[in-house]
Amino acid sequence: MNKTLPLIATLATLAAYPAAAQDAAAPAEAAAAVSADVVYIFNTLLFLMGGFLVMWMAAGFAMLEAGLVRSKNVTTQLFKNISLFAIAGIMYWMIGYNLMYPGDWTITGVIGELFSPKGIDPVGAGVADDGYSSASDFFFQLMFCATTASIVSGTLAERVKLWPFLIFTVILTGLIYPIEASWQWGGGFLSEMGFSDFAGSTLVHAAGGFAALAGAIVLGARTGKYRPDGRMQPMPGSNLALATLGTFILWLGWFGFNGASQLAIGSVNDAADVSRIFVNTNMAASGGAVAAIIVTQLLYGKIDLTMVLNGALAGLVAITAEPLTPSVFASILIGGVGGGIAVFVVPLLDKLKIDDVVGAIPVHLVAGIWGTMVVPVTNPDTSFGTQAIGVLAVGGFVFVVSFIAWTVLKVTMGIRVSKEAEISGLDISEMGMEAYPDFVQAK
């Protein structure tokens, strides 16, 4: 395996520069050019491969949510996941990407971007000195934008109207996410302060969690979820096999999410770091799952599969802020604490009567904050104060703007289906079709 890169470079030299042997100066120039070409190719491949792994996470969210909602709402959740992904693609291309890079934006700039979407590489016009294809960067960054919207979908399941949800997705993917992400990844003020969020524990996951929290508060809980006597009515999901499949798909996609966030694999050191990130990402997920197993056994006397699934995801979210610098053992601990946090936050939300159908707020918001705040323990170039400022800035902005957006939608067009529609199921009331038509739905 160690001979692969020199072999590629040699073959590229022979193919691209056949006349080099007739020119005394050509070999050195050819070698330098080939080196830049190889770096460009490998970096671009990292973006593309990481991008389609993160895109596969959309399938993970769809399967996870389809398994955790009741059977009468499965079609609606599947529709929401594919539609939000399509909307994110168009909105991020139209205005989001330009808002995010660079990090300086104005209101007039927002309006201007509506009419000047950023293009991709012209045909046959790659520039090796750029280090990577601009189209591959756009593709990779788009997947993060879509992931943020996916987080909101599960929390508001089983009672939100489709069109208000789609309109909010337009706002989130076109404006809210690109603006807050620009503060760090676009060279904005958080980046200048020294805030660190390697792959988006706060910028993606906590941001999606804050948007979901705002929506859950404005929307309210599902009918019958919280009884007048204060007790919580369990509403089990329709298919734990789908939920487990979704979790494994998300786990797989996370290697692209974190690994490709190294943003380079054209050198020996970068390749080693990407490999290290893969290992730490996997171990954090393992730590989160095992922690959830232990905590649910101790708290409830039996292991709760849904908590274990969310524990693994919480571990992944937690390590996302810094998957490079921790040791393997530290990664297990970071993920383990994330998984434990997720288990404890679920009943806390129920006490507050905040109805989160799939547990996205504990997993993405709370574990995301934990992962961001623990970064200075393993990365000496950061500080707890700066990390806290970053979390508060992103969280405050996303929550306030999302709360306003949800409130305006509620007042103007309504965001909640009728009680009758909720009881009969959104598949019939909103979609007019059922995911499991051969089975009688429990009303």
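Please treat every number below as a calculation from the coordinates, not as lab data. Here the structure is a predicted model, which means the values were calculated and not measured. Quick reminder, even Gly has a Cβ in these numbers, built from the backbone with ideal geometry, and neighbours come from all protein chains shown.
Using C-alpha pairs under 8 Å with a sequence gap of at least 6, the mean separation divided by the residue count of the chain gives a relative contact order of 23 percent.
Comparing mean-square fluctuations of Ala367, Ala149, Ala125 from a GNM of the chain with C-alpha springs under 10 Å, the top value falls on Ala125.
Close lysine pairs were tallied over the chain: pairs 8 or more places apart or on different chains with Cα atoms under 17 Å apart number 14. In the chain, once you exclude exposed chymotrypsin sites (Phe, Trp or Tyr not before Pro) (DSSP loop, at most 14 other Cβ within 10 angstrom), what's the longest stretch remaining? Within the chain, the longest run free of exposed chymotrypsin sites (Phe, Trp or Tyr not before Pro) spans 116-438. With the convex hull of its Cα atoms as the shape, segment 139-248 has an orientation-averaged projected area of 9.2 nm². Here segment 267-382 is treated as a Stokes sphere of Kirkwood radius computed over C-alpha pairs; at 20 °C and 1.002 mPa s its diffusion coefficient rounds to 152 µm²/s.
Across segment 191-306, the convex hull enclosing all Cα atoms gives 173 Å³ per residue. Note on segment 48-105 and segment 229-275: Cα centroid distance 14 Å, given to the nearest whole angstrom.
An ellipsoid equivalent to the chain, defined through the eigenvalues of its Cα gyration tensor, has semi-axes of 40, 24, 21 Å when rounded to whole angstrom and sorted largest first. Dividing the summed helix terms, -39500 (n - 2.57) for each DSSP H run of n ≥ 4, by the number of residues in the chain produces a 222 nm estimate of -21000 deg cm²/dmol to the nearest 500.
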